[in-house]
Amino acid sequence: MFNYLILALVVLSTSCSGTAKNHSSTSGSSGRGQAGKTDSTTRDTTSSRRASESMTTQSAHSAGPAHVVPAVEPAAEASKSGVSLPSFAIPSLWGNTCTNSDYKGKPAIVEVWSAGCPHCVNQAEELEKLAKSLDFSKFAVIAIHATGGKSVKKSVASHFTNKKIQVCLDNMSFVRSLKTLAYKYRVRGVPHLFILDKKGNIQVVLRGTKKAKFLKKVLKTYE
């Protein structure tokens with residue numbers, strides 16, 4: 001399982017890009033189809049690419065067996081089991097250390113993401129929008145970059161400017177730690193967001209890009 005998770009997240013940028021193509025407009029797909037008519041080699045290549053995109057869509061956005069969560073539309077898995085996230089201590093983009101205490105006593109968003117994933121880049125923009133109107137004395141937002149550690153600091157910094165958002169430079173340690181939780185909580189694609197209540201319990205798991213207004217509404221549910 002560890003090897004699978006490591007491999008999956010090392011190629012997240014590829015998987016997420018494939019998903020982005022899969023959600024492109026019908027006219028774009030038609031254009032590829034027309035190009036495929038020119039010769040058999042192009043047709044074979046197009047067919048192979050589409051099959052690959054279909055598989056990466058299921059990998060990046062599956063919310064469970066036989067259920068695929070759209071990339072943008074709000075979708076959630078609710079939990080009332082009192083499950084909390086494993087303890088973590090991860091270097092922060094801002095020079096300190098990300099820990100569970102960052103959200104102690106506050107409803108929070110804890111996101112797992114990758115700078116190489118287009119949907120994650122969109123999610124970063126939404127979190128920045130959310131931060132402009134969020135009262136951080138009452139709520140917390142933590143964005144954990146899944147791989148690369150400090151080596152990806154420059155790339156990560158290009159997506160976040162609001163220091164009220166705790167941005168963490170992880171190297172797979174957090175994703176590995178999730179093996180202690182039930183399968184439904186584990187990262188199977190990015191962006192992957194946990195919504196926590198004031199006690200730090202996981203109340204909602206979100207997969208795919210979510211709008212700032214929607215996230216704020218969900219957070220306030222647990223205020």
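The values are calculated or read from the model by the stated rules, or taken from the named source; none is laboratory data. Worth saying up front: this structure is predicted, and the values here are computed from it rather than measured. Glycine gets a Cβ as well: all are built from the backbone with ideal geometry, and neighbour counts include every protein chain shown.
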Exercise. Among the residues of region 145-159, count how many are in contact (Cβ under 8 Å) with a residue 12 or more places away in the chain and surrounded by fewer than 18 Cβ atoms within 10 Å (Cβ to Cβ).
Key: 6
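Take the conditions touching a strand residue (DSSP E or B) at 6+ places or on another chain (Cβ under 8 Å) and under 16 Å from THR99 (Cα atoms) and apply them to LEU215. Does it pass? Spell out how you get there, then give the answer.
Details: touching a strand residue (DSSP E or B) at 6+ places or on another chain (Cβ under 8 Å): yes; under 16 Å from THR99 (Cα atoms): no.
In short, no.
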Practice problem: Identify all residues within region 188-212 that are under 14 Å from ALA124 (Cβ atoms), of a type in the set (Lys, Arg) and crowded, with 19+ Cβ neighbours inside 10 Å; write none if there are none. | Solution: LYS210
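Residue-wise test of (1) over 19 Å from SER92 (Cβ atoms); (2) in contact with a Gly (Cβ under 8 Å, 6 or more places away or on another chain); (3) hydrophobic (A, V, I, L, M, F, W, C).
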{"residue": "LYS153", "(1), (2), (3)": "no, no, no"}
{"residue": "LYS164", "(1), (2), (3)": "no, no, no"}
{"residue": "LEU169", "(1), (2), (3)": "no, yes, yes"}
{"residue": "SER177", "(1), (2), (3)": "no, no, no"}
{"residue": "HIS192", "(1), (2), (3)": "yes, no, no"}
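Determine if region 90-101 includes at least one residue that is of a type in the set (Gly, Ala, Ser), part of a helix (DSSP H, G or I), modelled with pLDDT of 95 or more and closer than 24 Å to LYS179 by Cβ.
yes
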Quiz item: What pairs can you find where one residue is in region 104-115 and surrounded by fewer than 24 Cβ atoms within 10 Å (Cβ to Cβ), the other is among the basic types (Lys, Arg), and their Cβ atoms are less than 7 Å apart, with a gap of 6+ or different chains?
Solution: GLY105/LYS198; LYS106/LYS138; LYS106/LYS198; PRO107/LYS198
Quiz item: Of the residues in region 117-144, how many are without any contact (Cβ under 8 Å) to a residue 60 or more places away in the chain and touching a strand residue (DSSP E or B) at 6+ places or on another chain (Cβ under 6 Å)?
Solution: 5
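How about region 160-169: which of its residues are free of Cβ contacts under 8 Å to residues at least 60 places away in the same chain and more than 16 Å from the chain's Cα centre (by Cα)?
Within region 160-169, THR161, ASN162, LYS164 meet the criteria.
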